[in-house]
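Each remark here refers to the structure printed beneath this line.
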Amino acid sequence: MKQLLSFLTIIMAALLLKYVPASASDTPDAAPSPKEIYTVSDMLSIADDPSGSYILMADLDMKGVAWPAITFTGSFDGNQHLILNLDTAAVSEETRVTYDGNRKIYDTHFCGLFAILEHATVENVRLLNIDLNHTFTGDCFLGGIAGYASESNIRNCEITGRIRLDITGHMIGVGGILGYGNGTVQNCRTELTLVNIDLDKSYRDEQFLGGVCAAGYPDIEGCEINLSGFISDHGYVHSGGLVGMYIIYPKRFERDGYIKNNTVDGFITFFEDNTNRRAYCEARCGEIMDWKFKDSGNVYHFKRDERYTYTVNLLPHSCETPVYDEVVLPPTCKDYGYTYYTCKACGYSYKDAYVLPCDHQPGEEPTSMVLATTDAEGYALYECIYCQTELRIVLPQLIPSPTPVPTIAPTPTTAPTAVPTSAARDSSGNNRQWMLLSIGLLLLFVILLVRVILRQRRMHKQAADLRNR
Ligand SMILES: [Zn+2]
Ligand SMILES: [Zn+2]
């Protein structure tokens, strides 16, 4: 029998091995599988290997996490998981060259989820409630996904929140998805408030702001841009619903691009404090240096809102000191929660303090229940109040108590609750058990007694019969 079993095991194993597909590591030329990211600490480790390939496996809350400036050359798949509350991303110490409209160059710093992207891919990222707010001296661009991109692809990303740069510099800008650069931006969705305040009134800086990209020549396709832009500048403003300034660089570099099938909803409120005022602000691109892209299928609902008072910086709230009403929307097992703030004075509202989705929440009453016995565990079934998933809660098998239990069990005064505690379940089970045992013993005793009496009677009868013969 034993031999037969081991023979069968060998046959089964052989069959299984035959049908299990070879894993990626068995095939020498397959690309290595991406490194899986489950925690904020895993996420931070990208800085140690910025050319690696990564996939996000869990939702992350980045509130207060000191996120470094990463020059990323690998691939990052957000896998549609949430990255919430990124609020402390560092500005890069590294610089890259940027060009203004006169093709003058600037060594510029960057900041974003990735400060710098080079030959990189970023996809399926849900970067919600980003809240970057920097005061900086120098040349600098901020962008939601990347401050700077060179020949990189950004696709299927969603970004919501606020990005603000208060700056003393000559080459400055804020982009919804990308600060400065080139590559492709495809099928992204934004709902962003972008603010750029020039702190230096004496210098005529070059200022850029775009719903997708502040300046550069990215190919943009299928994006849905919701933009609230605010620019207070004392130099030259270049701003657009999609791109602040479309410019191909370096000088004499030729390239055909495209901007197609995008929608822009929103406005840019700005002032350009400059006697030589140009005030570039358009639904598509504020200024186009190089008409080298195909343009089709774009839809704009855009308001160009220029102001002529240069003493007060333009901000989303129009009152001087906002006082906010807060409405907390708690998370469910299916979606994140957040707090909705509305200014009592001017009506400006925004969402903040996002909270990761919670676990399933069982309803108060079980939908059905099987009590545990000494022979088997029981279970209670509940329905999740958010998603109606059936939740099974195991009631552990009862262990017979070694000590006898008082003969009279207390009668419950109230109806038993839906989920009895395990102690209550144990003692009621043991009471019943001991009662049954007592009755059994009593019955056995009675039967034995009856048998003894009957036997004695029979013997008496046989003795009497013998005597009578
Ligand atoms: Zn207000
Ligand atoms: Zn649920």
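The values are calculated or read from the model by the stated rules, or taken from the named source; none is laboratory data. Note that the structure is a prediction, hence the values are computed from the model and not measured. A quick note on method: Cβ atoms are made from the backbone with ideal geometry, for glycine too, and the neighbour counts reach across all protein chains shown.
In the stretch 67-114, the qualifying residues are those that are within 20 Å of V243 (Cβ to Cβ) and of a type in the set (G, A, S), and the one that is surrounded by the most Cβ atoms within 10 Å (Cβ to Cβ) is G112.
Taking S427 as the residue in question, decide whether it is farther than 30 Å from I83 by Cβ, of a type in the set (G, A, S), surrounded by 10 or more Cβ atoms within 10 Å (Cβ to Cβ) and modelled with pLDDT under 75. Yes: the conditions hold for S427. For the stretch 213-234, a tally of residues being in a loop (DSSP other than H, G, I, E, B) and either under 13 Å from Y99 (Cα atoms) or without any contact (Cβ under 8 Å) to a residue 60 or more places away in the chain (or both) returns 3.
A single entry from D290, D273 fulfils the requirement of being modelled with pLDDT of 95 or more and surrounded by fewer than 20 Cβ atoms within 10 Å (Cβ to Cβ): D273.
Selection of the stretch 40-74 for residues being under 18 Å from the mean Cα position of the chain (by Cα) and under 20 Å from G183 (Cβ atoms) yields I46, Y54. Entry remark, the stretch 260-272: residues being touching a Ser or Thr at 6+ places or on another chain (Cβ under 8 Å) and under 21 Å from D100 (Cβ atoms) number 3 in total. Based on what the data block shows, is D219 over 24 Å from T275 (Cα atoms), under 29 Å from the mean Cα position of the chain (by Cα) and either surrounded by fewer than 21 Cβ atoms within 10 Å (Cβ to Cβ) or not assigned by TED's automatic domain parsing to the domain that holds L117 (or both)? So D219 fits the description; yes. Identify, from the list T168, T160, the residue that is under 26 Å from Q80 (Cβ atoms), out of contact with any helix residue (DSSP H, G or I) (no Cβ under 6 Å at 6 or more places or on another chain), surrounded by fewer than 24 Cβ atoms within 10 Å (Cβ to Cβ) and among the hydroxyl-bearing types (S, T, Y). The conditions single out T160. Taking the listed residues I159, I172, I167, the one that is over 27 Å from Y341 (Cα atoms), β-branched (V, I, T) and part of a strand (DSSP E or B) is I172, with no other qualifying.
Screening the candidates R284, R255 for the property of being farther than 24 Å from C346 by Cα, modelled with pLDDT under 95 and either away from ligand 1 (no atom under 16 Å from the Cβ) or surrounded by fewer than 19 Cβ atoms within 10 Å (Cβ to Cβ) (or both) yields one hit, R255. When restricted to residues that are within 21 Å of the chain's Cα centre (by Cα) and in a strand (DSSP E or B), the stretch 113-132 contains 12.
Scanning the stretch 329-351 for residues that are away from ligand 2 (no atom under 16 Å from the Cβ) and free of Cβ contacts under 8 Å to residues at least 24 places away in the same chain yields L329, T339, Y340, Y341, T342, K344, G347, S349. Condition (residue is hydroxyl-bearing (S, T, Y) and loosely packed, with under 13 Cβ neighbours inside 10 Å) applied to the stretch 344-366: is it met by at least one residue? The answer is no, given that none of the residues of the stretch 344-366 is hydroxyl-bearing (S, T, Y) and loosely packed, with under 13 Cβ neighbours inside 10 Å. When W291 is tested against the conditions (1) in contact (Cβ under 8 Å) with a residue 12 or more places away in the chain; (2) farther than 30 Å from E390 by Cβ, the lone failure is (1).
Of all residues in the stretch 306-321, those that are within 16 Å of ligand 1 (Cβ to nearest atom) have Cβ atoms under 9 Å from Cβ atoms of residues that are outside any loop (DSSP other than H, G, I, E, B) and among the basic types (K, R), 6 or more apart or on another chain, in L315/R164; P316/R162. Going through the stretch 352-368 one residue at a time, which ones are away from ligand 1 (no atom under 16 Å from the Cβ), in contact (Cβ under 8 Å) with a residue 24 or more places away in the chain and assigned to a strand (DSSP E or B)? Residues satisfying the conditions are A353, Y354, V355, P362. Could we say that I248 is farther than 22 Å from P68 by Cα, touching a residue at least 40 places away in the same chain (Cβ under 8 Å), buried (at least 24 other Cβ atoms within 10 Å of the Cβ) and not charged (D, E, K, R) here? So I248 fails the test.
Could you tell me whether any residue of the stretch 313-325 is modelled with pLDDT of 95 or more, away from ligand 2 (no atom under 14 Å from the Cβ) and in a strand (DSSP E or B)? Checked the stretch 313-325: at least one residue is modelled with pLDDT of 95 or more, away from ligand 2 (no atom under 14 Å from the Cβ) and in a strand (DSSP E or B).
Answer yes or no: is there a residue in the stretch 183-200 that is in contact (Cβ under 8 Å) with a residue 24 or more places away in the chain and within 13 Å of F141 (Cβ to Cβ). Among the residues of the stretch 183-200, at least one is in contact (Cβ under 8 Å) with a residue 24 or more places away in the chain and within 13 Å of F141 (Cβ to Cβ), which makes the answer yes. Looking across the stretch 328-346, the residues that are farther than 18 Å from I130 by Cα and within 16 Å of ligand 1 (Cβ to nearest atom) come down to T342, C343, K344, A345, C346.
Taking the criterion of being closer than 12 Å to L227 by Cβ and among the hydrophobic types (A, V, I, L, M, F, W, C), the residues of the stretch 148-203 that qualify are I159, I163, V174, I177, L192, L194, V195.
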